[in-house]
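*Asks:* Quick one: the structure is below, questions incoming.
The values are calculated or read from the model by the stated rules, or taken from the named source; none is laboratory data. Please read all numbers here as calculations on a predicted model, not as lab measurements. Neighbour counts run over all protein chains shown; Cβ positions are idealised from the backbone, glycine included.
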Amino acid sequence: MTLQGYWGVGPKTAEKLRASLGEGRAVEAIESADVRALTDAGVTAGRATRILRRATGEGAMDVLATRDTRDVYDDLLDLAANFAVTRHAADRIRVLTPLPDRAARETRLDEVLAAREAWTELDEADREAVLDAFDRYDDGGGTDRAAVEAVLDLREAGLSGDRFDALANVDEDALREAADALGSLDGDEVVLGADDRLDRLRDQQEAAADLRDSALDVVETVRSRGARDADAFQSAAVEYVASETGVGSAEVRAVAPEGARDAADFVGETLRGLADDLQERVDDREETVRAELEEAVAAAGTDVATAVSAVDDIAFRLSVARFAAEYDLTRPRLGGDGLAVTDARNLTLSGDVQLIDYAVGDHDARRVPSGDRVSVLTGANSGGKTTLLETLCQVTLLASMGLPVPAADAEVGEFDSVVFHRRHASFNAGVLESTLRSIVPPLSGDGRTLMLVDEFEAITEPGRAADLLNGLVELTVDRGAVGVYVTHLAEDLAPLPDAARIDGIFAEGLTEELELEVDYQPRFETLGKSTPEFIVSRLVANATDRGERQGFERLAAAVGEETSQQTLADGDWSDVGRE
């Protein structure tokens with residue numbers, strides 16, 4: 001394929017890549033998801049990532065049907081990339097896309113969970129050794145030698161061949177010899193320290209070349225030592241050159257000219273001959289040593305090739321494994337016609353988080369209802385409804401990429417489109433139109449769609465929003481999709497289809513810190529309440545100005561003074577905020 005055959009590579013980007021990498025290397029970089037090669041060529045990181053996602057995922061990106069879905073996807077990959085053990089592994093994580101079929105997802109899950117087991121079996125010291133090995137591999141620029149040394153370091157650190165075939169199927173002794181040989185080669189050049197004889201010849205040649213370039217100084221130095229005639233001068237010159245270069249006197253005499261015109265001619269010709277002779281000897285020795293080193297590398301050719309091809313793959317698997325271990329992610333059960341989670345949690349939350357059970361569609365999970373195509377989720381503001389939608393989106397997207405999920409148990413169907421729509425605080429015809437253009441087309445296609453829509457009423461009049469929401473629920477059921485719709489308008493909806501239910505989240509009071517206390521676990525087939533009396537109670541309790549307090553007390557009476565006062569009394573806050 002030519003460069004411009006890839007999504008996102010226009011004429012300017014193609015020309016930039018050709019100028020820096022050449023057509024063949026640029027295509028190879030795209031096919032291997034090498035973000036670094038593209039960015040080094042001048043493509044911005046964001047554009048390079050988008051190009052590679054499309055190149056490696058083909059049409060899989062179409063699963064991410066809305067901007068909010070893509071935002072969740074980006075956040076997940078950024079979070080996972082924080083655990084990458086190499087720069088290339090981080091790049092590979094950021095270009096992960098939903099996989100095309102269940103078999104591919106199961107295969108990746110097998111690989112990731114095996115890698116996690118390998119990682120968690122290591123003690124702290126061995127984990128540090130593994131990370132250090134990959135740091136050295138990164139610093140080594142990903143060369144063959146760096147790859148071979150990384151494999152040796154990983155084996156020494158205790159990574160088992162049971163988890164990574166490439167670590168088991170290599171001859172360690174052959175690899176060590178190959179590592180030494182590769183360390184002695186820099187391209188076609190034998191490096192300093194690889195061969196003592198070659199190093200000595202190079203030193204002698206360099207010294208001879210330096211003297212050659214300052215032949216007149218040599219003449220003056222020899223004369224200053226008292227040589228009185230031509231024979232004495234020539235003998236002194238030979239001894240001086242021999243002492244300065246480390247070459248034997250006989251070797252110097254062998255290249256000295258006969259019948260030199262004068263002292264300068266004798267010294268100049270001698271030094272030129274010696275420098276040329278030593279250069280030939282350097283070249284011959286380097287060729288011999290290089291052949292021996294290349295033979296050592298060739299003898300371990302299969303093992304070297306295995307190491308080179310394996311290191312980046314192991315780095316990628318371990319990176320995702322560290323992410324899975326950090327967040328205690330588990331293997332989802334793939335298939336079915338719905339979405340069900342048990343003890344699920346949102347990856348963006350920290351601290352003491354209430355775990356949630358929830359489901360929609362057909363599934364085999366316990367503790368949650370099965371068979372409803374749509375749930376209408378109601379309840380208190382700040383009750384975690386949006387967070388629940390985002391959690392369901394996270395679980396679905398991770399499973400679609402063949403990655404473990406943040407739940408004790410999860411059953412995830414195969415969805416061709418995931419429509420996540422957050423509540424947007426805008427109220428105009430343009431926002432309504434763009435939202436409908438975003439969320440309705442996936443429902444109208446042939447694929448299977450998951451709808452996760454938050455407070456649709458926020459973008460139009462409440463009365464008309466109820467009508468539109470009714471239409472979306474009916475369309476979801478009719479098209480065989482599944483969905484969760486968050487709304488405060490459940491009581492205004494027309495009778496829901498039999499395949500839809502209403503769930504509720506409830507506020508239960510205020511904490512001692514006057515924070516809203518919410519049971520985030522939805523109650524199935526129960527209409528949730530927004531319970532404004534708890535909010536008003538907090539405002540009454542916190543009021544320090546008499547006039548403000550009286551105003552809030554009037555509101556308390558409007559929402560039910562008895563309930564509001566009971567809320568305060570339950571927390572023994574009757575004196576809080578009093579003057």
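*Asks:* In region 85-101, which residues are over 17 Å from residue 394 (Cβ atoms) and either of a type outside the set (Gly, Ala, Ser) or assigned by TED's automatic domain parsing to the domain that holds residue 447 (or both)?
*Replies:* Initial filter on region 85-101 (over 17 Å from residue 394 (Cβ atoms)): 85-92, 95, 100-101.
85, 86, 87, 88, 91, 92, 95, 100, 101, listed by residue number.
*Asks:* Moving on to the next point. Take residue 288 and decide whether it is surrounded by 13 or more Cβ atoms within 10 Å (Cβ to Cβ), in contact (Cβ under 8 Å) with a residue 24 or more places away in the chain and not small (Gly, Ala, Ser). Before you say what the answer is, go through the steps one by one.
*Replies:* Numbers: surrounded by 13 or more Cβ atoms within 10 Å (Cβ to Cβ): yes; in contact (Cβ under 8 Å) with a residue 24 or more places away in the chain: no; not small (Gly, Ala, Ser): yes.
So residue 288 does not fit the description; no.
*Asks:* As an exercise: evaluate residue 228 against (1) outside the structural domain of residue 269 (by TED's automatic domain parsing); (2) over 50 Å from the mean Cα position of the chain (by Cα) and give the number of the one condition it does not meet.
*Replies:* (1)
*Asks:* Restricting the search to region 134-147, which residues are out of contact with any Gly (no Cβ under 9 Å at 6 or more places or on another chain), under 16 Å from residue 305 (Cα atoms) and not charged (D, E, K, R)? Step through it out loud before you land on a result.
*Replies:* Restricting attention to region 134-147, the residues satisfying the condition of being out of contact with any Gly (no Cβ under 9 Å at 6 or more places or on another chain) are 134-144.
Pick out the ones that are also under 16 Å from residue 305 (Cα atoms) and you get 137, 142-144.
Listed by number, the residues that qualify are 137, 142, 143.
*Asks:* Also, I was wondering about something else. Exactly one of (1) over 25 Å from residue 356 (Cβ atoms); (2) at pLDDT 75 or above is unmet by residue 490. Its number?
*Replies:* Residue 490 satisfies every listed condition except (1).
*Asks:* Scan region 16-46 for residues that are assigned to a helix (DSSP H, G or I) and loosely packed, with under 13 Cβ neighbours inside 10 Å and report the count.
*Replies:* Step one: list which residues in region 16-46 are assigned to a helix (DSSP H, G or I), which gives 16-21, 23-31, 35-40, 45-46.
Applying the additional criterion that residues be loosely packed, with under 13 Cβ neighbours inside 10 Å yields 19, 23-24, 46.
Number satisfying all stated conditions: 4.
*Asks:* Can residue 474 be described as surrounded by fewer than 23 Cβ atoms within 10 Å (Cβ to Cβ), modelled with pLDDT of 90 or more and farther than 13 Å from residue 417 by Cβ?
*Replies:* So residue 474 fits the description; yes.
*Asks:* Name the single residue that is surrounded by the most Cβ atoms within 10 Å (Cβ to Cβ) among those in region 85-112 being part of a helix (DSSP H, G or I) and touching a strand residue (DSSP E or B) at 6+ places or on another chain (Cβ under 9 Å). Walk me through how you get there before you give the answer.
*Replies:* From region 85-112, those part of a helix (DSSP H, G or I) are 87-94, 102-112; that's our starting set.
Filter once more, keeping what is touching a strand residue (DSSP E or B) at 6+ places or on another chain (Cβ under 9 Å): 102, 105-106, 109.
Working: 102: 13, 105: 22, 106: 15, 109: 20.
Filtering first and then ranking leaves 105.
*Asks:* Find the residue count for region 433-448, including only residues that are surrounded by fewer than 13 Cβ atoms within 10 Å (Cβ to Cβ) and part of a helix (DSSP H, G or I). It would help to see each step written out before you state the result.
*Replies:* Looking only at region 433-448, we keep the residues that are surrounded by fewer than 13 Cβ atoms within 10 Å (Cβ to Cβ), and these are 433, 437, 444, 446.
Now drop any that are not part of a helix (DSSP H, G or I), which leaves 433, 437, 444.
Summing the residues that are surrounded by fewer than 13 Cβ atoms within 10 Å (Cβ to Cβ) and part of a helix (DSSP H, G or I) in region 433-448 gives 3.
*Asks:* Moving on. If you scan region 322-352, which residues turn out to be among the hydroxyl-bearing types (Ser, Thr, Tyr), under 24 Å from residue 119 (Cα atoms) and in contact (Cβ under 8 Å) with a residue 12 or more places away in the chain? Write out each step before concluding.
*Replies:* Initially, region 322-352 is screened for residues among the hydroxyl-bearing types (Ser, Thr, Tyr), giving 327, 330, 342, 348, 350.
After this cut, where a residue has to be under 24 Å from residue 119 (Cα atoms) as well, the list is 327, 330, 348, 350.
Hits for region 322-352 are 327, 330, 348.
*Asks:* Among the numbered criteria (1) of a type in the set (A, V, I, L, M); (2) part of a helix (DSSP H, G or I); (3) within 29 Å of residue 141 (Cα to Cα), which single criterion is violated by residue 170?
*Replies:* (2)
*Asks:* Is there a residue in region 57-67 that is of a type in the set (A, V, I, L, M, F, W, C) and more than 28 Å from residue 326 (Cα to Cα)?
*Replies:* Filtering region 57-67 down to residues of a type in the set (A, V, I, L, M, F, W, C) leaves 60-61, 63-65.
If we keep only those that are more than 28 Å from residue 326 (Cα to Cα) as well, we get 65.
There is at least one residue in region 57-67 that is of a type in the set (A, V, I, L, M, F, W, C) and more than 28 Å from residue 326 (Cα to Cα).
*Asks:* Sticking with this structure for a sec: Could you check residue 324 against (1) in the same structural domain as residue 498 (by TED's automatic domain parsing); (2) assigned to a helix (DSSP H, G or I); (3) among the aliphatic types (A, V, I, L, M) and say which number it fails?
*Replies:* Among (1) in the same structural domain as residue 498 (by TED's automatic domain parsing); (2) assigned to a helix (DSSP H, G or I); (3) among the aliphatic types (A, V, I, L, M), the lone unmet condition for residue 324 is (1).
*Asks:* Taking only region 1-41 into account, find how many residues are under 23 Å from residue 77 (Cα atoms), in contact with a helix residue (DSSP H, G or I) (Cβ under 8 Å, 6 or more places away or on another chain) and of a type in the set (Gly, Ala, Ser).
*Replies:* Result for region 1-41: 4.
*Asks:* Any idea how many residues of region 318-330 are of a type in the set (D, E, K, R) and either over 12 Å from the mean Cα position of the chain (by Cα) or buried (at least 24 other Cβ atoms within 10 Å of the Cβ) (or both)? I'd like the intermediate steps shown before the answer.
*Replies:* Initially, region 318-330 is screened for residues of a type in the set (D, E, K, R), giving 322, 326, 328.
Imposing the further condition that a residue be either over 12 Å from the mean Cα position of the chain (by Cα) or buried (at least 24 other Cβ atoms within 10 Å of the Cβ) (or both) reduces the set to 326, 328.
Final tally of qualifying residues: 2.
*Asks:* Return the total of residues in region 298-312 being surrounded by 15 or more Cβ atoms within 10 Å (Cβ to Cβ) and part of a helix (DSSP H, G or I).
*Replies:* First, the residues of region 298-312 that are surrounded by 15 or more Cβ atoms within 10 Å (Cβ to Cβ): 299-300, 303-304, 306-308, 310-312.
Filter again for part of a helix (DSSP H, G or I), leaving 299, 303-304, 306-308, 310-312.
Qualifying residue count for the region: 9.
*Asks:* I'd like the full set of residues that are buried (at least 19 other Cβ atoms within 10 Å of the Cβ), modelled with pLDDT under 95 and more than 15 Å from residue 394 (Cβ to Cβ), limited to region 61-84.
*Replies:* Correct list: 65 only.
*Asks:* Out of the residues in region 370-409 meeting the condition of being among the charged types (D, E, K, R) and farther than 30 Å from residue 319 by Cβ, tell me which one is surrounded by the most Cβ atoms within 10 Å (Cβ to Cβ). Before you say what the answer is, go through the steps one by one.
*Replies:* Of region 370-409, the ones among the charged types (D, E, K, R) are 372-373, 385, 390, 409.
Those left that are additionally farther than 30 Å from residue 319 by Cβ: 372-373, 385.
On the way: 372: 24, 373: 24, 385: 26.
That would be 385.
*Asks:* Pairs, please: C-beta under 7 Å, at least 6 apart or cross-chain, first residue without any contact (Cβ under 8 Å) to a residue 24 or more places away in the chain and in region 168-188, second part of a helix (DSSP H, G or I) and among the hydrophobic types (A, V, I, L, M, F, W, C)?
*Replies:* Correct list of pairs: 172/152.
*Asks:* Go through region 339-369 and give me each residue that's surrounded by fewer than 17 Cβ atoms within 10 Å (Cβ to Cβ) and among the polar types (S, T, N, Q).
*Replies:* Correct list: 348, 350, 354.
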